[in-house]
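Accompanying notes for the structure given below.
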Amino acid sequence: MLVPALVALGLYLGWRTFNRGRETAASAPAAPGIAVTSITAQKGDIGIYLDAIGTVTPQYTASITSQVTGQVVAVPFKEGQTVAKGDALIEINSAPYRATLLQAQGVLDRDQNLLAQAQMDLERYRLLWVTKAIGKQILDDQEKLVLQDQGTVKNDQGVVDYDQIQVDFCHITAPIAGRMGLRLVDPGNVVQSSGTVTLAVVAQLQPITVIFTIPEDNIGPIQARLRLNATLAVDVYDRTARIRIASGQLLTLDNQIDTTTGTIKARALFDNKDEALFPNQFVNARLLVNTLQGVTLVSASAIQQNGQASFVYLIQGNVAHLRSVKPGVTEAGLTQVDGINPGDIVADSSFDKLQDNVAVVIAVKPVAENSGRKP
């Protein structure tokens with residue numbers, strides 16, 4: 001009797017333990033979903049940019065040389081001075097040229113008076129010819145003499161003009177407005193008319209340009225915008241590409257592609273009123289080719305890659321759904337995508353745990369981003 005009783009007791013205790021385990025499992029809370037942070041897709045604008053390395057280049061640079069031979073008597077400009085067009089830069093001794101000019105003017109005065117005398121005689125001969133007091137040959141000779149004197153006077157006038165130009169060349173002035181470089185000649189130096197030695201350099205700083213190169217594959221979109229007379233904005237940054245120095249606009253493209261690099265040169269124009277851009281300065285240029293308007297934007301970090309395919313985890317009803325997307329332009333951490341709509345909530349973390357149709361818990365309530373983005 002003892003053995004059956006012990007067996008019955010054991011069966012009873014096992015049954016109680018099994019039922020208690022089921023009750024405990026039933027009363028335990030369900031396992032929580034995967035905690036994720038999320039973002040909300042927004043509708044906005046995003047710019048298509050081209051980044052390039054550029055060099056600041058003055059629109060005009062004048063390297064001044066002497067067109068006469070003589071001694072420098074004065075250098076009135078200061079190094080680094082901003083000059084206006086026509087300001088005095090270098091004075092060369094003009095005394096020999098003024099003397100030559102004076103001689104030429106004297107010859108011109110003499111020949112002008114000879115011409116006037118010949119013209120008076122011609123008028124007298126014409127009156128005498130009417131009365132048949134002289135022969136026709138005398139009148140004809142006098143007419144040709146007047147023409148000869150007119151040619152002589154014209155030649156003398158050319159000599160005077162040339163000598164006057166030589167005198168003017170002794171007073172070198174700024175051909176353009178700009179900033180002067182370092183002084184390259186001193187008073188007392190003798191300069192030659194051969195023009196092989198640069199006496200001064202003037203560079204225009206306002207406005208100024210930046211020349212940079214772009215790949216030939218991008219010529220088509222840029223040319224299409226230029227044909228529509230669109231203004232393409234260009235920003236230039238410092239060597240680290242972090243600090244924006246100035247903003248301007250694309251002026252033109254070069255007329256040929258460099259076959260060795262497959263690029264074409266572009267020139268952008270800047271007001272440079274603060275003279276932040278300096279000739280031959282290295283800069284990073286950003287050209288705004290176009291602006292996509294009213295597109296869907298999400299954080300670039302929310303887009304995942306699986307080989308060539310791109311996807312996001314779309315959160316609906318606390319469940320993550322894998323959704324294929326087609327990413328486009330990326331700018332400042334935002335990417336334009338096709339495949340989701342503005343207002344959709346997508347996961348932005350815990351990608352190593354997420355799978356399709358997995359329950360999730362949003363750790364941070366989605367905060368609406370700016371409704372629009374301007375490049």
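The values are calculated or read from the model by the stated rules, or taken from the named source; none is laboratory data. All figures in this text were calculated on a predicted structure; none of them were measured in a lab. No Cβ is skipped: glycine too gets one built from the backbone with ideal geometry, and neighbour counts run over all protein chains shown.
Take residue 245 and tell me if it is part of a strand (DSSP E or B), touching a strand residue (DSSP E or B) at 6+ places or on another chain (Cβ under 9 Å), at negative phi and crowded, with 17+ Cβ neighbours inside 10 Å.
yes
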(message) So residue 211 ticks every box in (1) within 16 Å of residue 53 (Cβ to Cβ); (2) under 13 Å from the mean Cα position of the chain (by Cα); (3) β-branched (Val, Ile, Thr); (4) surrounded by 18 or more Cβ atoms within 10 Å (Cβ to Cβ) but one. Which box is left unticked?
(response) (4)
(message) Against the conditions (1) over 30 Å from residue 291 (Cβ atoms); (2) at pLDDT 90 or above; (3) not small (Gly, Ala, Ser), where does residue 57 fall short? Just the number, please.
(response) (1)
(request) Given the conditions (1) of a type in the set (Lys, Arg); (2) within 22 Å of residue 101 (Cβ to Cβ); (3) crowded, with 16+ Cβ neighbours inside 10 Å, report the number of the one that residue 154 does not fulfil. (result) (3)
(request) Pull up the stretch 294-324, narrow it to residues that are surrounded by fewer than 17 Cβ atoms within 10 Å (Cβ to Cβ) and in a helix (DSSP H, G or I), then point me to the one that is nearest to the chain's Cα centre (by Cα). (result) 300
(message) Checking the condition in a loop (DSSP other than H, G, I, E, B) and β-branched (Val, Ile, Thr), which residue from 340, 264 passes?
(response) 340
(request) Would you check if there is a residue in the stretch 325-336 being over 28 Å from the mean Cα position of the chain (by Cα) and more than 30 Å from residue 226 (Cα to Cα)? (result) yes
(request) Would you point out the residue of the stretch 132-149, among those that are among the charged types (D, E, K, R) and part of a helix (DSSP H, G or I), that is surrounded by the most Cβ atoms within 10 Å (Cβ to Cβ)? (result) 149
(message) For the stretch 121-165, which positions are among the acidic types (Asp, Glu), free of Cβ contacts under 8 Å to residues at least 24 places away in the same chain and under 30 Å from residue 68 (Cα atoms)?
(response) 161
